[in-house]
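Step one of this worksheet: look at the structure below.
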Amino acid sequence: MNGRLTITDVAEKIGVTTKTLIRWEKSGKIRKPKRDWKGWRFYSEDDLADIQRFVSTVYEF
């Protein structure tokens, strides 16, 4: 993997929908990801780790 994860990749890895990630982003619960030249979101491995930490502190799966 090249370190660029799509919103779908991240959603699948943490077990939520892409709409949930977007809602968390808009409400400020998670950091806004970088965007490519088309405006598509992409996440780094560090972004994924931060989101996983957020999920583990808020939700008990």
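We did not get these values from a lab; they are worked out from the coordinates using the rules stated. What you see is a predicted model, and the numbers here were worked out from it, not measured in a lab. Reconstructed Cβ throughout: ideal geometry from the backbone, glycine too, with neighbour counts over all protein chains shown.
Here are a few things to note about the model shown:
- Pairs of Lys residues in segment 9-61, spaced 8 or more positions apart or belonging to different chains, with C-alpha separations under 18 angstrom: 6 in total.
- Against the chain, whose longest principal axis comes from its Cα atoms, helix 45-58 is set at around 20 degrees.
- Peptides 7-13, 21-27 ordered by packing proxy, namely the average of other Cβ atoms within 10 Å per residue, highest first: 7-13, 21-27.
- Against the chain, whose longest principal axis comes from its Cα atoms, helix 18-27 is set at around 80 degrees.
- Residue order, fewest to most beta carbons within 10 Å, for Val16, Val58: Val58, Val16
- Debye intensity ratio in log₁₀ form over the Cα atoms of the chain, taken at each q of 0.13, 0.15 Å⁻¹: -0.30, -0.40
- Selection from Ser44, Leu21, Thr57 lying farthest towards where the dipole of segment 7-58 points positive, charges on Cβ: Leu21
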